[in-house]
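Nothing in this text is a laboratory measurement; each read-out follows from the coordinates by a stated rule. Just so we're clear, the structure is a prediction, and the values are computed from it rather than from any experiment. All Cβ positions, glycine included, derive from the backbone under ideal geometry; neighbour counts span all protein chains shown.
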């Protein structure tokens with residue numbers, strides 16, 4: 001069973017429908033005790049950093065998520081969900097989950113590139129993994145974001161994307177994976193990633 005964290009702003013139902021297509025049971029997580037019932041966790045990504053972190057903290061989900069990840073439970077962070085895995089963000093003042101070392105920064109306005117970065121863009125795959133099985137290098141995914149993560153541990157960067165400069169678009173560290181794009185909106189490539197994640201143990 002896959003648990004989808006509900007922090008009031010996530011793109012929950014698109015994810016829910018993608019997971020159900022795999023004949024996988026999905027559970028919307030609103031309380032920390034519910035996390036023990038699922039085999040893997042998805043932290044979705046629509047909204048603002050402080051609002052997301054405030055909701056997780058007020059509902060005692062922050063500590064529960066960290067605990068489950070430390071126990072080895074697979075977790076996928078999507079867009080804002082990826083950004084909240086880091087220590088802090090220029091978008092807000094609250095601390096992130098700090099599961100990953102690093103910070104989140106806003107795209108600079110330059111080279112006539114609009115911010116937010118929205119639409120389809122390619123991802124250059126730097127490393128192979130089971131999560132990326134079947135995903136071709138330079139495959140296209142759907143992005144919608146104004147901020148990007150800067151991991152302190154460079155070895156966790158598995159994919160990068162060009163938007164005026166190269167930024168991290170896929171990270172993986174042991175049982176933890178994160179993507180800056182929205183796989184649930186990225187057609188067959190995105191669906192393949194979700195399928196690969198559901199197979200993670």
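Odds and ends about this structure:
- Between residue 155 and residue 138, the modelled label-to-label distance comes to 3.0 nm, taking each label 7 Å out from Cα in the direction of the beta carbon.
- Computed over the range 10-57, the range of Cα coordinates on each principal axis works out to 34, 23, 12 Å, biggest value leading.
- Rounded to 5, the percent of DSSP beta bridges in the chain classed as antiparallel: 60 percent
- Gained length - residue 30 relative to residue 128, 0.36 nm times residue gap less alpha-carbon distance: 31.9 nm
- Fewest neighbouring Cβ atoms within 10 Å first, the residues 166, 24 line up as 166, 24.
- Considering helices alone, the calculated mean residue ellipticity of the chain at 222 nm is -6500 deg cm²/dmol, with DSSP H runs of length four and up weighted by -39500 (n - 2.57) and normalised per residue.
- Over all directions, the projected convex hull of the C-alpha atoms in the range 64-182 averages 7.2 nm² in area.
- Once Rg and the Kirkwood radius are both taken over the C-alpha atoms of the range 104-167, their ratio Rg/Rh works out to 0.97.
- Working note: Debye formula, equal point scatterers on the alpha-carbon atoms of the chain, no solvent; log10 I(q)/I(0) at q = 0.09, 0.18 Å⁻¹ is -0.29, -1.29.
- Whole-angstrom gap from the range 58-121 to the range 1-47, using each part's C-alpha centre: 17 Å
- Length available on full extension from residue 115 to residue 188: 0.36 nm per residue minus the Cα-Cα distance, which gives 23.7 nm.
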